Amino acid sequence: MLKPVTSEAAPGEAVRKPMGRRRAATFLNGLSLARMVLGVPVIAFILLGPTVGYCFVIAAVLFTAAAATDFLDGYLARRWHSTSDLGVFLDTTADKMLVCGALIALVAIGHASPWAAAVIIWREIAILGLKAAAAVNGTVVHPSIWGKLKFNVQFVAVLLAILRYHRLIGPMYLDEWAMTVAAVVTVLSAWSYLSRLPELLRGTQ
């Protein structure tokens with residue numbers, strides 16, 4: 001008996017599609033890992049900035065390149081319709097490592113307020129702990145629009161702090177104003193997660 005022609009009649013295609021998804025996921029995860037790795041020289045060049053010429057410029061270029069991988073990651077994930085639990089974890093963790101590492105280095109050289117840095121880092125650790133607790137129940141917490149806005153504001157604030165323009169605007173430098181805004185947005189962004197705390201810890205969404 002003749003069998004109807006279906007998608008199963010093309011076994012090569014059935015194999016290629018999963019392989020394509022795996023390659024896409026591997027590439028996207030590689031972008032997140034690259035962001036983590038780039039955070040190390042960013043910290044090093046920030047710390048060398050006060051004593052070695054052009055180190056702040058190099059740090060700014062590397063920081064921008066690392067942040068660009070986040071935008072590229074998100075764009076390609078939407079274009080390729082490729083997301084995974086591991087990818088979500090690596091993406092958000094890489095963002096936190098990049099920003100928090102740069103902030104610690106900026107505090108060390110006096111380019112960032114310890115209080116602003118503490119607020120941002122404490123928030124990142126608290127939300128990371130919340131996501132880990134939710135993951136125990138099998139719940140993956142995806143970044144909210146507030147989380148992405150937070151990273152964008154933090155990126156601008158950190159970049160301005162690296163390339164500090166030494167002219168006061170009122171009582172603070174431009175980057176200090178930006179860092180204050182970043183700290184406020186960071187705290188506000190935590191509400192989108194904390195408001196869902198009971199249901200997340202129950203393993204439901």
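The values are calculated or read from the model by the stated rules, or taken from the named source; none is laboratory data. Because the structure is predicted, anything quoted here is derived from the model rather than measured. Glycine gets a Cβ as well: all are built from the backbone with ideal geometry, and neighbour counts include every protein chain shown.
Odds and ends about this structure:
- Scanning the stretch 99-137 for residues that are assigned to a loop (DSSP other than H, G, I, E, B), in contact with a Gly (Cβ under 6 Å, 6 or more places away or on another chain) and either small (Gly, Ala, Ser) or within 18 Å of PHE155 (Cα to Cα) (or both) yields nothing.
- Being under 12 Å from ALA25 (Cα atoms), touching a residue at least 24 places away in the same chain (Cβ under 8 Å) and assigned to a helix (DSSP H, G or I) is a property that ASP91 has.
- Hey, VAL57 more than 27 Å from VAL119 (Cβ to Cβ), among the β-branched types (Val, Ile, Thr) and at pLDDT 85 or above or not: yes
- Members of the stretch 81-112 that are at pLDDT 95 or above and of a type outside the set (A, V, I, L, M, F, W, C): GLY101, GLY110, HIS111
- Residue pairs meeting the criteria (Cβ under 8 Å; at least 6 apart or on separate chains; first free of Cβ contacts under 8 Å to residues at least 40 places away in the same chain, in the stretch 171-183; second crowded, with 21+ Cβ neighbours inside 10 Å): ALA178/ALA157; ALA178/ALA161; VAL181/ALA157
- Only one of the listed residues (LEU38, LEU98, LEU76, LEU47) is in contact (Cβ under 8 Å) with a residue 40 or more places away in the chain and surrounded by fewer than 16 Cβ atoms within 10 Å (Cβ to Cβ). That residue is LEU76.
- In the set ALA117, ALA157, only one residue is more than 21 Å from PHE71 (Cα to Cα), buried (at least 19 other Cβ atoms within 10 Å of the Cβ) and of a type in the set (Gly, Ala, Ser); that residue is ALA117.
- Test: residue in the stretch 130-152 that is in contact (Cβ under 8 Å) with a residue 12 or more places away in the chain and among the aromatic types (Phe, Trp, Tyr): yes
- Looking across VAL61, VAL52, one residue alone is out of contact with any Gly (no Cβ under 6 Å at 6 or more places or on another chain) and not in a helix (DSSP H, G or I). It is VAL52.
- Residue that is farthest from PRO114 (Cα to Cα) [pool: residues in the stretch 164-195 that are aliphatic (A, V, I, L, M) and surrounded by fewer than 16 Cβ atoms within 10 Å (Cβ to Cβ)]: LEU194
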